[in-house]
Each structure stands twice: as structure tokens, then as C-alpha cells.
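**Student:** Structure provided below as C-alpha cells; questions to follow.
The values are calculated or read from the model by the stated rules, or taken from the named source; none is laboratory data. This is a predicted model, so every value here is computed, not measured. Note that we place each Cβ from the backbone using ideal geometry, even for glycine, and neighbour counts take in every protein chain shown. Surface accessibility is based on the protein's heavy atoms, side chains included, excluding ligands, DNA and RNA. Shrake-Rupley method; radii C 1.70, N 1.55, O 1.52, S 1.80 Å.
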Amino acid sequence: MFLQTFETYNSFNERELKNKNVVVIDTLRATSVITTALYNGAKEIIPVSEVEEAIELVKSLDKTTYLLGGERNSTKIEGFDLSNSPLEYTREKVENKTIIFTTTNGTKALKKVSLADNVILGCLLNASAVAKYIYTSNKDTIIVCAGTEGKFSLDDIITAGVIYKKLQDLMEFESDDLSKASYFLYKPYEDNLYEIMKHGFHFKRLKDLGYDEDIEFCLTVDKFDIVPKLKDGIIKNSADL
């Protein structure tokens, strides 16, 4: 098995995804939100790139069946039901609901990989579950970091390093240099991820906006044993597919 890591969704060609697992990471906060929502019983998540897409999509849906969720520039979108805070996606709010979801970085990354055969979502909350999924499938795997506004993001690459370590505990594999670098960046801080994450640009932005509880939640490793999977434009629990 060969593991490759890309620092943003702009740094690869879609042809490279053929016949491989693809893991999309947007730890702060999109993939953490989606993982949490599915764990709390959401029926499915439909990621869209633009706010206008989301509004157009719900015109054909029964209002009782869906919620609009997401953010722009880290803040809730006017008229939406939920923001991009995982703490809002409680069982009471999301159970059995379809969530139409759009964010600045994460949903754009998901759109870029949507034609790949096998796309799953990773974050710190489900790092071990993602590693187990890769191990079980035993296919070459690409990790795509969503990044922040098209640029490298420390939180995503650290998460890639955590998944690398979890996978290393399960199997032997080859990897590219960025995959190795993600692991070596993470390893000295494995017992205190906050100490490395706090230097990230996006982390600081969220902290300045008062999202301390979101940060603490998203930095929890292995809170959930669930792997979200994107298939035909819809994200569901991989156990249900």
C-alpha cells in the first residue's frame, strides 16, 4: 500500500485519484462537523460549493426533512439553520435529517474529489476509524488536506500525521515525503496537539472569533468510531453503504 498526501485540494490532478482511497481532511471544522452529525443520527450530508447552490437545492425539498448548515469566513451564513460548529449538530437537531452543507474550504475539497471511486472523510475525531478503513481496504490511498483558502493549513497536516501513526500501528506501507513529514511534525506533540496546532493561521482565526469550545472538541482524538463516505454526491456513514 502506498500513501500520498496533498497539502491542498489544488495540488493534485483528478486523474491521480483513480482506483485509490481518497481521504479528505478539514479538521477545523468541516469534516469534524460532518463526522459529528452522522454520529448523532443525521440521515445524510449533501456538500455543495456555493451558498446559492444550497438555497436552490432545498427548494425541491420538504422543509421538515432538511437543515441548511455551513459558514463563510468562519461565521454562520445568514438564513441558515446551523453554522460550522460541531457542537450545534446535536442528536436533537440532526437526527434523521438531510443536511445541505457548504463551507469555505471543506466542501470545495469534497467537490474536487467527488468523481473518485472511494472517498472518505477524516479528522482527529475519527483518526483510528479512518486508519482501520484504509487497512481493511488495503488500497493505495491519497490524503487530501482541504487547507485554508487554497493554502497549506497546519491543522490538516497534523491530522494527516495522526492518521499516518494509527495506520503504522496496523500495517507496513510506503509513503511519499509529505506523508512522512506530517508524521514527524505530529510525533513530538502526540500527547498535546494543542501546543502545535495553536501556531496555525486558521486556528488563531477561530480562537480570535471565540470558537474555543469548537477547537477543543475538534482536537479530541478518536471520539467517534465512524467513517463518513461520499458516494454519488451524498455523504453517509460508510457502515450504511
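**Student:** Determine if the stretch 47-69 includes at least one residue that is aromatic (Phe, Trp, Tyr), open to solvent by 10 Å² or more (accessible area, probe 1.4 Å) and at pLDDT 95 or above.
**Tutor:** Checking the stretch 47-69: at least one residue is aromatic (Phe, Trp, Tyr), open to solvent by 10 Å² or more (accessible area, probe 1.4 Å) and at pLDDT 95 or above.
**Student:** When you go through (1) of a type in the set (Asp, Glu); (2) touching a residue at least 40 places away in the same chain (Cβ under 8 Å); (3) open to solvent by 30 Å² or more (accessible area, probe 1.4 Å); (4) in contact with a Phe, Trp or Tyr (Cβ under 7 Å, 6 or more places away or on another chain) one by one for Glu195, which number turns out not to apply?
**Tutor:** (2)
**Student:** Read through the list (1) of a type in the set (A, V, I, L, M); (2) open to solvent by 10 Å² or more (accessible area, probe 1.4 Å); (3) closer than 17 Å to Asp117 by Cα, then give the number of the only condition that Leu38 fails.
**Tutor:** (3)
**Student:** Looking at Lys187, is it buried (at least 17 other Cβ atoms within 10 Å of the Cβ), of a type in the set (Lys, Arg) and within 15 Å of Leu124 (Cα to Cα)?
**Tutor:** no
**Student:** Consider the stretch 216-241. How many of its residues are buried (at least 18 other Cβ atoms within 10 Å of the Cβ) and out of contact with any Ser or Thr (no Cβ under 9 Å at 6 or more places or on another chain)?
**Tutor:** The qualifying residues number 2.
**Student:** Is there any pair linking a residue in the stretch 203-215 that is touching a residue at least 24 places away in the same chain (Cβ under 8 Å) to one that is in a helix (DSSP H, G or I) and among the charged types (D, E, K, R), with Cβ under 7 Å and at least six apart or on different chains, and which?
**Tutor:** Phe203/Asp155; Leu206/Asp214; Ile215/Lys207
**Student:** Tell me, which residue of the stretch 72-99 that is part of a strand (DSSP E or B) and in contact (Cβ under 8 Å) with a residue 60 or more places away in the chain is nearest to Asn237 (Cα to Cα)?
**Tutor:** Taking the candidates together, the pick is Ile99.
**Student:** Would you point out the residue of the stretch 80-127, among those that are among the charged types (D, E, K, R) and within 13 Å of the chain's Cα centre (by Cα), that is most open to solvent (accessible area, probe 1.4 Å)?
**Tutor:** Lys111
**Student:** Scan the stretch 159-180 for residues that are more than 16 Å from Ile134 (Cα to Cα) and free of Cβ contacts under 8 Å to residues at least 60 places away in the same chain and jot them down.
**Tutor:** Across the stretch 159-180, the qualifying residues are Asp177, Lys180.
**Student:** So which residues in the stretch 100-134 are in a loop (DSSP other than H, G, I, E, B) and in contact with a strand residue (DSSP E or B) (Cβ under 7 Å, 6 or more places away or on another chain), if there are any at all?
**Tutor:** Answer for the stretch 100-134, where residues must be in a loop (DSSP other than H, G, I, E, B) and in contact with a strand residue (DSSP E or B) (Cβ under 7 Å, 6 or more places away or on another chain): Thr103, Thr104, Asn105, Val113, Ser114, Ala116, Cys123.
**Student:** Moving on. Can you tell me which residue among Ser11, Ser32, Ser49 is among the small types (Gly, Ala, Ser), without any contact (Cβ under 8 Å) to a residue 24 or more places away in the chain and out of contact with any Gly (no Cβ under 6 Å at 6 or more places or on another chain)?
**Tutor:** That would be Ser11, the only listed residue that is among the small types (Gly, Ala, Ser), without any contact (Cβ under 8 Å) to a residue 24 or more places away in the chain and out of contact with any Gly (no Cβ under 6 Å at 6 or more places or on another chain).
**Student:** Ok, one more. Can you give me the number of residues within the stretch 130-150 that are open to solvent by 10 Å² or more (accessible area, probe 1.4 Å), small (Gly, Ala, Ser) and under 24 Å from Leu219 (Cβ atoms)?
**Tutor:** 1
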